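Participant: This is the structure I want to talk about, given as structure tokens.
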Amino acid sequence: MAFDGITVAALVQELNNTLKDGRINKIAQPETDELLLAIKTPNGMKRLCISASASLPLIYLTDENKPSPMTAPNFCMLLRKHINNGRIVGISQPKLERIIHIDIEHLDEMGDLCRKRLIVEIMGKHSNIIFCNDKGMIIDSIKHVPAQMSSVREVLPGRDYFIPDTMNKHDPLSVTREEFIHTLQEKPAPLGKAIYTSFTGISPVAAEEICYLSGLESGVTAKDLSEDMLLHLYNQFTIYLEPIKQGHFLPVIYYDKAAPKEFSCLPLSHFNQYTPKEMDSVSALLSAYYAQKNLVTRIHQKSSDLRRIVQTALERNRKKYDLQTRQLKDTLDREKYKIYGELINVYGYSLEEGAKVLEAQNYYDDNKIIRIPMDPTMTPQENAQRYFAKYNKQKRTFEALSELIEETKEEIQYLESVSNALDIALSEDDLTQIKEELTQSGYIRRKFTKKKTKFKSQPLHYISSDGYHMYVGKNNLQNEEVTFHLADGGDWWFHAKGAPGSHVIVKTRGDELPDATFEEAGRLAAYYSKNRGNDKVEIDYIERKHVKKTNGGKPGFVIYHTNYSLVIDSDISGITQVLE
């Protein structure tokens with residue numbers, strides 16, 4: 001994730017605009033590695049969450065309060081003693097480091113004005129919150145780092161604070177052209193890696209963007225580039241970072257289908273295959289991104305058992321389909337055995353005893369001469385019967401396999417539709433409904449219980465720009481519901497052509513639908529299908545009264561004829577969703 005120096009710079013600007021001159025009203029430590037500061041500002045009370053978690057270090061403004069332990073930890077008590085009711089006089093970032101300095105003025109025990117500094121280091125597993133006096137001496141930290149844990153720097157009370165420079169990185173905002181080119185030429189690494197390992201605060205994603213803007217491959221080395229190319233790279237480097245100096249940031253989350261892929265506070269042109277969503281603030285970006293990321297991760301983890309069942313069944317059925325297809329191919333030349341038998345009956349009387357081949361005119365193929373292998377131990381009549389028996393066996397095999405292949409194909413399509421439902425599941429209720437569907441289909445053994453399962457999961461509800469209600473089934477049981485219970489005969493039905501996906505229904509209220517509503521419903525059908533993310537997705541649409549359920553078919557499987565089609569993208573960012 002791109003929680004780099006650029007994001008920290010945007011966050012520092014936001015915190016300065018919001019919290020500067022505010023007074024710290026309350027200090028809490030809800031987790032062992034997390035602080036929650038309530039700060040009274042001219043614009044009301046603000047909460048600042050600071051986490052030094054090794055797995056997810058964060059600092060952002062939030063509206064949420066968190067329960068605190070009954071007994072405050074020592075670090076929290078120390079902060080309350082020193083800076084409770086202190087005034088925030090400035091928030092800064094050294095160079096482009098992933099470090100934030102919060103300078104606080106307060107009165108000491110003697111009533112004298114003094115300063116303290118709260119230092120937040122956002123550095124993955126090395127993240128920390130360090131409290132220093134005005135001379136840079138560490139008073140305490142939320143994590144103690146003795147010499148046994150780190151040979152680079154001790155973080156203990158009484159030690160002087162300093163930023164460890166383990167990689168000798170340059171400040172990207174002040175580096176000269178000569179330093180930039182010389183630094184990259186000294187690195188044998190690929191160009192993208194050379195950039196993010198040479199300059200403070202530049203993430204791999206930002207380095208990739210700089211290479212992309214320069215029209216250079218990130219995999220080549222600087223030594224492979226001419227002086228002019230390196231000069232062009234330096235110019236793009238400075239142009240890309242110029243908004244940081246100007247304080248012009250654009251917080252954006254990039255989505256891969258429904259899942260957040262990446263975030264950035266500067267545009268990422270090389271992410272053009274993902275859907276961008278601009279956010280109002282960096283805090284809103286971080287809060288939304290990690291909340292959604294955690295939700296997607298949690299749902300994916302909880303669905304792992306269901307995914308394994310579906311994937312195992314899919315692999316088994318695909319292998320079965322391949323085997324059946326190969327066996328069917330072996331029966332495609334069955335007609336020749338019937339012809340052999342008929343020609344032997346016609347010309348076999350002239351065959352010499354013990355002959356291994358019968359040459360005869362094939363009256364099915366312009367009387368061309370055909371050579372028919374014979375078993376010399378059999379009579380012509382027995383050879384003919386042998387070929388007829390082989391023909392009949394392969395004919396029966398062909399008929400049986402054709403039916404089995406169709407069943408296997410339908411089973412694969414069904415399992416792919418369940419896999420798609422798991423991809424778009426948004427809650428545990430969605431997973432419960434999918435589990436019930438797999439139970440009904442025989443993939444999961446039902447546990448007998450007196451309690452009847454109640455489903456809270458409902459189809460998605462949208463409203464078109466023209467005010468028409470649109471409903472989207474998130475799984476096959478919901479597809480059945482929206483198509484055959486929620487929809488009337490005159491409503492319109494949409495589905496991605498030839499791909500697993502959701503049924504989309506538009507309630508017409510007896511009106512003729514505007515073109516914009518047709519397009520928006522088509523986008524929903526494209527988005528909630530396996531073709532999500534494609535620029536062009538073909539959508540079938542038809543009046544609901546022409547959609548029929550297949551006899552004995554799987555849930556959500558329908559047939560229809562004489563449908564209309566449209567080709568559209570899968571961008572639903574402008575469609576209003578109704579939250580039930």
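Participant: Report relative contact order for region 1-124 in percent, whole number only (criteria: Cα-Cα under 8 Å, sequence separation at least 6).
Facilitator: 25
Participant: Could you derive backbone 3J(HN,Hα) for region 385-402 from the dihedral phi with the Karplus parameters 6.51, -1.76 and 1.60 (θ = phi - 60°), listing whole Hz in sequence and x where the residue is Gly or Pro?
Facilitator: Ordered by residue, 3J(HN,Hα) equals 5, 4, 5, 5, 5, 5, 4, 5, 5, 5, 5, 5, 5, 4, 5, 5, 5, 4 Hz.
Participant: So if each residue of separation counts as 0.36 nm, and I subtract the Cα-Cα distance between Lys261 and Phe398, what length gain in nm does that give?
Facilitator: 44.5 nm
Participant: Compare His461, His170, His248 by solvent-accessible area with a 1.4 Å probe and give them largest first, with all protein chains kept in place.
Facilitator: His248, His170, His461
Participant: At what distance in nm do the modelled label points of Val220 and Arg318 sit from each other, each positioned 7 Å from its Cα along Cα→Cβ?
Facilitator: Using points 7 Å along Cα→Cβ, the separation is 3.8 nm.
Participant: Out of residues 5 or more away from Val537 or on other chains, whose amide H comes under 5 Å of its own, with H placed 1.01 Å from N in the peptide plane?
Facilitator: So Val537 has HN proximity to Ile568, Asp569.
Participant: Using 0.36 nm times the number of residues separating Glu335 and Ala38, minus their current alpha carbon distance, what extension gain do you get?
Facilitator: That works out to 98.4 nm of additional length.
Participant: Quick query: amide H of Leu266 versus all other amide H atoms, modeled in the peptide plane; which residues come in under 5 Å with a sequence gap of 5 or more or a different chain?
Facilitator: Excluding prolines and chain starts, which carry no amide H, the hits are Leu250.
Participant: OK, next. Using the crude model of +1 on Lys and Arg Cβ and -1 on Asp and Glu Cβ, and no other charge, please compute the dipole size for region 133-285 relative to its Cα centre, in debye to 20.
Facilitator: Value, rounded to 20: 380 debye.
Participant: Please give the per residue accessible area of the chain, computed with a probe of 1.4 Å over protein heavy atoms only, in Å².
Facilitator: That works out to 53 Å² for each residue.
Participant: Quick one: 3J(HN,Hα) in Hz for region 48-60, Karplus 6.51/-1.76/1.60 with θ = phi - 60°, rounded, Gly and Pro as x.
Facilitator: Couplings: 10, 9, 10, 10, 10, 4, 5, 8, 8, x, 8, 8, 6 Hz.
Participant: List the relative contact order of the chain as a percent without decimals, with contacts defined as Cα pairs under 8 Å and 6+ residues apart.
Facilitator: 8
Participant: A further question follows. Rounded, prolate or oblate: which fits region 1-41, taking a ≥ b ≥ c as square roots of the Cα gyration tensor eigenvalues, rounded meaning a/c under 1.5, else prolate when a/b beats b/c?
Facilitator: Taking the square roots of the gyration eigenvalues as a ≥ b ≥ c, region 1-41 is oblate.
Participant: Sticking with this one: Rounded to the nearest 10 degrees, what's the angle between the helix 282-302 long axis and the longest principal axis of the chain, both from Cα atoms, 0 to 90?
Facilitator: Rounded to the nearest ten degrees, it is 40.
Participant: Further, regarding this structure: Rounded, prolate or oblate: which one fits region 490-580, using the alpha carbon gyration tensor with axes a ≥ b ≥ c (rounded when a/c is under 1.5, else prolate when a/b beats b/c, else oblate)?
Facilitator: Since a/c reaches 1.5 but b/c is at least a/b, the shape of region 490-580 is classed as oblate.
Participant: Work out, step by step, the length gained on full extension between Ser465 and Lys536: first 0.36 nm times the residue separation, then minus their alpha carbon distance; give nm to one decimal.
Facilitator: Result for the pair: 23.4 nm of gain on full extension.
Participant: Express in Å², to the nearest 10, the accessible area of Phe3 obtained by rolling a 1.4 Å probe over the protein heavy atoms while all chains stay in place.
Facilitator: Phe3 has an accessible surface of roughly 20 Å² with all protein chains in place.
Participant: Further question: For the chain, what is the charge dipole size about the Cα centre, in debye to the nearest 20, if Lys and Arg each add +1 at the Cβ and Asp and Glu each add -1 at the Cβ?
Facilitator: So the magnitude is around 2220 debye.
Participant: Work out the charge dipole of the chain with +1 on the Cβ of Lys and Arg and -1 on the Cβ of Asp and Glu about the Cα centre, then indicate which of Ile539, Tyr349, Leu11 is farthest towards its positive end.
Facilitator: Looking along the dipole axis, the top candidate is Tyr349.
Participant: What list of ³J(HN,Hα) couplings, whole Hz, do you get for region 23-30 from phi and the Karplus terms 6.51, -1.76, 1.60, once you set θ to phi - 60° and write x for glycine and proline?
Facilitator: Result, ordered by residue: 9, 6, 8, 8, 10, 10, 10, x Hz.
Participant: How many angstrom lie between the Cα centre of region 32-46 and the Cα centre of region 268-314?
Facilitator: When both Cα centres are located, 29 Å separates them.
Participant: Turning to a different aspect of this structure: Hey, if we sort Thr562, Thr379, Thr576, Thr7 by accessible area with the 1.4 Å probe, largest down, what's the order?
Facilitator: Heavy-atom accessible area, descending, gives Thr562, Thr576, Thr379, Thr7.
Participant: Checking the table Lys40/Lys277; Lys26/Lys302; Lys125/Lys261; Lys393/Lys554 against a 29 Å threshold on Cα-Cα, which pairs fail?
Facilitator: As for pairs spanning more than 29 Å Cα to Cα, those are Lys40/Lys277; Lys26/Lys302; Lys393/Lys554.
Participant: So which aspartates and glutamates can Lys545 reach, going by Cα to Cα under 17 Å and dropping same-chain residues fewer than 8 places off?
Facilitator: Within the straight-line limit of under 17 Å, Lys545 reaches these aspartates and glutamates: Glu480, Glu481, Asp488, Asp491, Asp511, Glu512.
Participant: I'd like the FRET efficiency for Lys81 and Ser174, computed as 1/(1 + (r/R0)^6) with the beta carbon distance as r and R0 of 41 Å, rounded to 0.05.
Facilitator: 0.60
Participant: Hey, another quick one. So if R0 is 60 Å, what FRET efficiency would Met167 and Thr432 give, r being the distance between their Cβ atoms, rounded to the nearest 0.05?
Facilitator: 0.75
Participant: Once every DSSP H run of n ≥ 4 in the chain is given -39500 (n - 2.57) and the sum is divided by its residues, what mean residue ellipticity at 222 nm do you get, rounded to the nearest 500 deg cm²/dmol?
Facilitator: That calculation yields -12000 deg cm²/dmol at 222 nm.
Participant: Place a +1 charge on the Cβ of each Lys and Arg in region 376-424 and a -1 charge on the Cβ of each Asp and Glu, then give the dipole magnitude about the Cα centre in debye, rounded to the nearest 20.
Facilitator: Taking the Cα centre of region 376-424 as origin, the dipole is about 620 debye.
Participant: Step through the table entries Lys497/Lys530; Lys435/Lys474; Lys320/Lys447; Lys143/Lys293; Lys447/Lys549, compare each Cα-Cα distance with 19 Å, and write down the pairs that go over it.
Facilitator: Long pairs (Cα-Cα over 19 Å): Lys320/Lys447; Lys143/Lys293; Lys447/Lys549.
Participant: In region 5-109, which GluC sites (Glu not before Pro) are in a loop and have at most 16 other Cβ atoms within 10 Å, using DSSP for the loop call?
Facilitator: Qualifying residues, ordered by number: Glu64, Glu109.
Participant: Residues with amide H under 5 Å of Val155's amide H, sequence separation 5 or more or different chain, H placed in the peptide plane at 1.01 Å from N; which?
Facilitator: Val145
Participant: Rounded, prolate or oblate: which fits region 1-110 when a ≥ b ≥ c are the square roots of the eigenvalues of the alpha-carbon gyration tensor, with rounded for a/c under 1.5 and prolate only if a/b beats b/c?
Facilitator: Oblate is the answer for region 1-110, as a/c is 1.5 or above yet b/c matches or exceeds a/b.
Participant: Mind grabbing the accessible area of His546 for me, 1.4 Å probe, Å², rounded to tens?
Facilitator: Counting only protein heavy atoms, His546 exposes about 80 Å² to solvent.
Participant: Hey, another quick one. So, taking all protein chains as they sit and a 1.4 Å probe, how much accessible area belongs to Tyr391, in Å² rounded to tens?
Facilitator: Spelled out: Tyr391, probe radius 1.4 Å, area about 20 Å².
Participant: Tell me, what is the FRET efficiency for Gln273 and Arg446 to the nearest 0.05, using R0 = 35 angstrom and their Cβ-Cβ distance as r?
Facilitator: My answer for the efficiency is 0.25.
The values are calculated or read from the model by the stated rules, or taken from the named source; none is laboratory data. Keep in mind it's a predicted model, so treat the numbers as computed, not measured. Every residue, glycine among them, receives a Cβ derived from its backbone with ideal geometry; neighbour counts consider all protein chains shown. Note: areas computed on protein heavy atoms with side chains; ligands, DNA, RNA excluded. Shrake-Rupley method; radii C 1.70, N 1.55, O 1.52, S 1.80 Å.
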